[in-house]
Amino acid sequence: MSMGRYAGSADPRAPEPVEVVKDWNGVAHAVLRSPRGATARVSLHGGQVVSWKNDRGEELLFTSSKAILKPPKAMRGGIPICFPQFGNTGTLERHGFARNKIWALDDEPPQLNHSDNGSKAFVDLILRPSDEDLRCWPHCFEFRLRVSLSKDGDLSLVSRVRNVNCKPFSFSFAYHTYLSVSDISEVRIEGLETLDYLDNLSQRERHTEQGDAITFESEVDRVYVSSPNVIAVLDHEKKRTFVIRKEGLPDTVVWNPWEKKSKTIADFGDEEYKQTLCVDAAAAERSITLKPGEEWRGKLELSAVPSTNCSDHLDQPGIM
């Protein structure tokens with residue numbers, strides 16, 4: 001099923017920017033293509049980005065070789081949507097139910113600003129609560145998600161959550177982003193220096209980051225609070241830098257299970273901790289509260305650039 005061309009495209013030979021296909025379980029996937037050859041794949045199971053490749057066909061997101069690739073559980077990898085709960089901080093299942101539900105294509109998406117259109121390929125999804133969801137979390141909402149791929153291959157996700165209830169509700173949220181890296185020991189994160197973080201390995205004790213950059217020698221599970229809107233993940237071996245830009249999401253979660261924890265995760269390979277790092281744009285320390293009729297908006301934008309060029313991206317003042 002075709003969904004139209006890039007806005008402004010006049011070349012009839014250009015590939016369709018968005019195509020909807022079915023996977024081996026019969027679940028619909030939207031495949032996005034940039035004019036320069038980058039691709040992204042979004043599953044309607046969970047509204048989850050399951051693949052993001054650059055114009056050379058290199059996969060930029062990690063997926064476990066032991067991932068369970070069928071509903072109802074979310075796939076281990078890509079970018080699961082954690083809503084309306086992040087982690088185990090509430091009464092719901094870990095990371096909430098949105099990542100385990102079948103979303104729908106949104107035929108009447110809200111108008112977003114011009115920078116989310118232009119030459120971008122994009123797809124709009126929507127999730128509304130089922131009767132089962134309302135029994136465990138009794139709040140009516142509309143969750144709209146736009147996933148976009150720019151002409152340069154940058155990936156962006158814009159979430160809009162609207163309260164269509166007659167009473168306020170609160171939620172936590174994260175884009176649980178599994179980045180693909182060469183070797184976790186060759187990776188560092190810049191932009192979180194001197195920040196306070198909550199350590200999930202010690203009952204969410206609050207500490208202050210002491211290092212000039214974050215490097216990895218053991219298991220890490222932290223919520224960096226009130227973090228900047230631009231963060232860089234440098235992969236020395238691949239000479240690649242992921243630039244992470246966020247909006248409406250005050251926190252950054254950093255997670256790597258390391259060797260011991262990896263062996264306890266059924267859908268994760270024993271040695272795969274070396275090839276992935278989760279850096280999540282999140283609202284995790286404090287819940288977001290919406291009054292009736294109010295809407296919250298949270299954006300993530302990911303770029304993958306040669307490390308020698310990353311300073312140009314980090315110097316940009318905004319993420320839009």
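Every condition in (1) outside any loop (DSSP other than H, G, I, E, B); (2) of a type outside the set (Phe, Trp, Tyr); (3) within 15 Å of the chain's Cα centre (by Cα) is met by Gly96 except one, and the failing one is (1).
Pairing each residue of the range 67-81 that is on the phi < 0 side of the Ramachandran plot with any residue that is assigned to a loop (DSSP other than H, G, I, E, B) and hydroxyl-bearing (Ser, Thr, Tyr), provided the two are 6+ apart or on different chains, yields C-beta distances under 9 Å for Met75/Ser64; Arg76/Ser64; Ile79/Thr177; Pro80/Thr177. With respect to (1) modelled with pLDDT of 95 or more; (2) touching a strand residue (DSSP E or B) at 6+ places or on another chain (Cβ under 6 Å); (3) not basic (Lys, Arg), the lone exception for His95 is condition (1). Looking across the range 38-56, the residues that are assigned to a loop (DSSP other than H, G, I, E, B), of a type in the set (Gly, Ala, Ser) and either within 26 Å of Pro129 (Cα to Cα) or within 11 Å of the chain's Cα centre (by Cα) (or both) come down to Gly46, Gly47. Would you confirm whether any residue within the range 165-175 is closer than 27 Å to Pro17 by Cβ and crowded, with 23+ Cβ neighbours inside 10 Å? Yes - at least one qualifying residue is present in the range 165-175. Residue-level check: of (1) modelled with pLDDT of 90 or more; (2) closer than 30 Å to Arg204 by Cα; (3) in contact with a helix residue (DSSP H, G or I) (Cβ under 8 Å, 6 or more places away or on another chain), Gly87 misses just (1). So, in the range 57-97, of the ones that are of a type in the set (Gly, Ala, Ser) and exposed (fewer than 15 other Cβ atoms within 10 Å of the Cβ), which residue ends up nearest to Arg128 (Cα to Cα)? Within the range 57-97, the match that is nearest to Arg128 (Cα to Cα) is Ser65.
Scanning the range 98-114 for residues that are surrounded by 14 or more Cβ atoms within 10 Å (Cβ to Cβ) and at pLDDT below 90 yields a count of 3.
Taking the numbered list (1) within 20 Å of Leu61 (Cβ to Cβ); (2) more than 17 Å from the chain's Cα centre (by Cα); (3) in contact (Cβ under 8 Å) with a residue 12 or more places away in the chain in turn, Val254 passes all entries but (2).
Any residue that is in contact (Cβ under 8 Å) with a residue 60 or more places away in the chain and in contact with a helix residue (DSSP H, G or I) (Cβ under 8 Å, 6 or more places away or on another chain) - is there at least one of those in the range 200-210? No: zero hits.
When Ala266, Ala304 are checked against the criterion of being in a strand (DSSP E or B), of a type outside the set (Ser, Thr, Tyr) and over 30 Å from Pro168 (Cβ atoms), Ala304 stands alone in meeting it. With respect to the stated conditions, Leu155 is within 19 Å of Gly248 (Cα to Cα), modelled with pLDDT of 95 or more and buried (at least 20 other Cβ atoms within 10 Å of the Cβ).
Can you find even one residue in the range 62-75 that is part of a strand (DSSP E or B) and under 25 Å from Glu271 (Cα atoms)? Yes, because at least one residue in the range 62-75 is part of a strand (DSSP E or B) and under 25 Å from Glu271 (Cα atoms).
In this structure, is Asp280 of a type in the set (Asp, Glu) and at pLDDT 95 or above? Yes; evaluated as a whole, the condition is true for this residue. Does the range 287-305 include one or more residues that are acidic (Asp, Glu) and touching a Phe, Trp or Tyr at 6+ places or on another chain (Cβ under 9 Å)? Scanning the range 287-305 turns up no residue that is acidic (Asp, Glu) and touching a Phe, Trp or Tyr at 6+ places or on another chain (Cβ under 9 Å).
For the structure I just gave you, tell me whether Asp267 is surrounded by 21 or more Cβ atoms within 10 Å (Cβ to Cβ), closer than 19 Å to Arg94 by Cβ and either of a type in the set (D, E, K, R) or at pLDDT below 95 (or both). No; evaluated as a whole, the condition is false for this residue. Only a single criterion out of (1) of a type in the set (Lys, Arg); (2) out of contact with any Gly (no Cβ under 8 Å at 6 or more places or on another chain); (3) surrounded by 17 or more Cβ atoms within 10 Å (Cβ to Cβ) is not satisfied by Arg162, namely (2). Residues in the range 180-225 that are farther than 21 Å from Gln275 by Cβ, of a type in the set (Gly, Ala, Ser) and in contact with a strand residue (DSSP E or B) (Cβ under 7 Å, 6 or more places away or on another chain): Gly191 only.
The values are calculated or read from the model by the stated rules, or taken from the named source; none is laboratory data. These numbers come from a predicted model, not from an experiment. With ideal geometry, Cβ positions are generated from the backbone for all residues, glycine too; neighbour counts draw on all protein chains shown.
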